[in-house]
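The values are calculated or read from the model by the stated rules, or taken from the named source; none is laboratory data. The structure displayed is predicted, hence computed values, not measured ones. Heads up, the Cβs are rebuilt from the backbone with ideal geometry, glycines too, and the neighbour counts pull from every protein chain shown. The protein model used for the area step is the full one, side chains on, heavy atoms only, and it has no ligands, DNA or RNA in it. Shrake-Rupley method; radii C 1.70, N 1.55, O 1.52, S 1.80 Å.
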Amino acid sequence: MASVVEAVRRLVNAWRSRPAADWLVTAIVLGGHGLVVALTGRGDVFGAPGREQRIEIYTTGATVVALVGSFVTAAIAQYASATGRRMRVLRTAPQLASQFRRNWVSVLSATLLISAVCLLAIALDTNEKDPRGVHWVVEGALLLAAVRAYRLLWLFNSVIQATDRDLADSPS
């Protein structure tokens, strides 16, 4: 059991250090879902509703992701302004600092991309049945959003923990 836990821990740590892996996770989940829909003819979550409801999904997706983008910028500001020994290590240790920067940039760039995809889908999804499959692109974008949301939570948590530990170390 301990070896399984350690293997999962190593896998999660490897994933955290490689933001590009989010694209692979997204492709696997989207491909799996597409295969299920193709084989069974059921479960096309965004394809089943009519055009008006899909447009609402696209609009809501763009809005939520844009709001998350504002949280990302707030988190980056917190990261940049935090002081203390641990925060200095997070920002200056060669491997750790570059890993954090890649993660912040990946989350922020994903919010811009996902919002753009959702807004573009509004213009491209013009038929009741969506014969061009625009809803699949949006589904992929929203899956990427979910994966990047976990990455954002990890980043927030890491910064908060380091800041709290630095604060606990400082004299009152």
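Accessible surface of the chain, 1.4 Å probe: 68 percent of it comes from carbon and sulfur atoms. Comparing mean-square fluctuations of A74, A66, A145 from a GNM of the chain with C-alpha springs under 10 Å, the top value falls on A74. On a 0 to 90 degree scale, rounded to 10, what angle separates helix 94-124 from the longest Cα axis of the chain? Here the helix axis deviates by roughly 20 degrees. Taking all protein chains as they are arranged and a probe of 1.4 Å, the heavy atoms of Y150 leave approximately 100 Å² accessible to solvent.
Using only Cα atoms and rounding to the nearest 10 degrees, what angle (0 to 90) does helix 2-16 make with the longest principal axis of the chain? So the helix axis and the longest Cα principal axis differ by about 80 degrees. Its Cα centre serving as origin, segment 83-172 has a Cβ charge dipole (Lys and Arg +1, Asp and Glu -1) of approximately 520 debye.
Computed over the chain, the per-residue total of -39500 (n - 2.57) for DSSP H runs of n ≥ 4 gives a 222 nm mean residue ellipticity of -29000 deg cm²/dmol, rounded to 500. With the simple spin-label model, which puts each label point 7 Å out from Cα in the Cβ direction, the A7 to W154 separation comes to 1.9 nm. Farthest toward the positive end of the dipole of segment 1-118, out of M87, A14, T40, is the Cα of M87, where the dipole comes from beta carbon charges about the Cα centre. Taking G31, G47, G140 in turn, the Gaussian network model of the chain (Cα-Cα springs below 10 Å) assigns the largest fluctuation to G31. What you get for the chain, charging only the Cβ of Lys and Arg (+1) and of Asp and Glu (-1), is a dipole of about 740 debye around the Cα centre.
Its Cα centre serving as origin, segment 1-62 has a Cβ charge dipole (Lys and Arg +1, Asp and Glu -1) of approximately 220 debye.
Note on V117: accessible area approximately 30 square angstrom, rounded to 10, probe 1.4 Å, nucleic acids and ligands left out.
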